[in-house]
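To start, the structure under review is shown below, and the notes come after it.
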Amino acid sequence: MLARFGAMATPLAVRLPPVLRPPLLSSKLSTSFPPKRLLRSLPTDTRGPVVAADDGMYGRKQVISLTPQLYHYVLSNVREPQILRELREETSTIHGSQMQVSPDQAQLLAMLVQIMGAKKCIEVGIYTGYSSLAVALALPDSGCLVACERDGRCLEVAKKFYERAGVSHKVDVRHALAVDTLNSLILSGETNSYDFAFVDADKRMYNEYFELLFQLVRTGGLIIMDNVLWHGKVADPGVNDPKTVSLRNFNRKILEDKRISISMVPIGDGMTICRKIADTSGQGLGCV
């Protein structure tokens, strides 16, 4: 979860974040630490910096590094429904509001649900419900989102906004540890029946959440993992706290997982979109 700004009346009134600039990676990185290529920041002003791989293998491709001005522009182009704006504004007054996903992230999640024609979804860690509400709004009237959250106070905020948005009938709120909820769904025979899952919870539990969701999501379905860039810490070999190490190991693990196709997207605090291409027995779909 990553909220880059506080409450605002419209996207154009956003309080701008610090410069969002990918960390410079030392050329002295261990060869076992991905990525192995040296990155360099090109000399530009704060209105339009770019970064490029300082290596011919990547063709010195220049990519955008978000500045406050550019991120402001991104947010001004997000179609944020009024009910989501109101939830975001209320959440901004709550301790820990930085855990809320950003509007551009929520918009992407909702679009993926719509593209897939998803009907059954799971969210692990809903906080006050911003991303889950965005997904519920995108679901058809007959759709269902299992919303897993252990914090009862956050759930009360989320349920209030589900009701106001008219989507309560689509949301199956589970006030419990997510692992217990996911195991109960598996035991009740719901394996391979979900279209979409989003995880934004305890980073040290990512591997366990992923493996349980892999059983629940159908072949061709999506599992989306949030915070995979972890404020840039995953790319810094000098940072080795338990959460960072766990995320770094998880990222490496799914990179090598042949049961899924993946795309790490540098939006918010980083999200990896995982598409299940093989069932639990390892039999794939062939072309994907």
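The values are calculated or read from the model by the stated rules, or taken from the named source; none is laboratory data. It should be emphasised that the depicted structure is a prediction, and the values quoted were computed from it without experimental measurement. With ideal geometry, Cβ positions are generated from the backbone for all residues, glycine too; neighbour counts draw on all protein chains shown. The protein model used for the area step is the full one, side chains on, heavy atoms only, and it has no ligands, DNA or RNA in it. Shrake-Rupley method; radii C 1.70, N 1.55, O 1.52, S 1.80 Å.
The set of residues from segment 225-254 being within 19 Å of GLY268 (Cβ to Cβ), part of a loop (DSSP other than H, G, I, E, B) and either at pLDDT below 95 or of a type outside the set (A, V, I, L, M, F, W, C) (or both) comprises ASN227, ASP236. Residues in segment 101-118 that are open to solvent by less than 10 Å² (accessible area, probe 1.4 Å) and assigned to a loop (DSSP other than H, G, I, E, B) were compared, and the one that is modelled with the highest pLDDT is ALA118. The residues in segment 87-118 that are touching a strand residue (DSSP E or B) at 6+ places or on another chain (Cβ under 8 Å) and of a type in the set (Val, Ile, Thr) can be counted, and the count is 2. Just one of the listed residues (ASP151, ASP172) is in contact with a strand residue (DSSP E or B) (Cβ under 6 Å, 6 or more places away or on another chain), in contact (Cβ under 8 Å) with a residue 24 or more places away in the chain and not hydroxyl-bearing (Ser, Thr, Tyr), namely ASP172.
The residues on offer are ALA158, ALA134, and the sole one that is modelled with pLDDT of 95 or more and in contact with a Gly (Cβ under 7 Å, 6 or more places away or on another chain) is ALA158. Within segment 173-209, the set of residues being closer than 15 Å to GLU149 by Cα and acidic (Asp, Glu) comprises ASP180, ASP200, ASP202. Just one of the numbered conditions (1) in contact with a strand residue (DSSP E or B) (Cβ under 7 Å, 6 or more places away or on another chain); (2) exposed (fewer than 15 other Cβ atoms within 10 Å of the Cβ); (3) modelled with pLDDT of 95 or more; (4) not acidic (Asp, Glu) is not true of CYS121: (2).
Being among the polar types (S, T, N, Q) and within 15 Å of the chain's Cα centre (by Cα) is a condition met by at least one residue of segment 220-240. Of all residues in segment 86-116, those satisfying the criterion of being among the small types (Gly, Ala, Ser) and free of Cβ contacts under 8 Å to residues at least 40 places away in the same chain are GLY96, ALA106, ALA110. Filter segment 236-253 down to residues that are open to solvent by 20 Å² or more (accessible area, probe 1.4 Å) and of a type in the set (A, V, I, L, M, F, W, C) and give me whichever is farthest from ILE277 (Cα to Cα). If we take residues in segment 236-253 being open to solvent by 20 Å² or more (accessible area, probe 1.4 Å) and of a type in the set (A, V, I, L, M, F, W, C), then VAL239 is farthest from ILE277 (Cα to Cα). Taking the condition open to solvent by less than 30 Å² (accessible area, probe 1.4 Å), modelled with pLDDT of 95 or more and in a helix (DSSP H, G or I), does LEU213 pass? Spelling it out, LEU213 is indeed open to solvent by less than 30 Å² (accessible area, probe 1.4 Å), modelled with pLDDT of 95 or more and in a helix (DSSP H, G or I).
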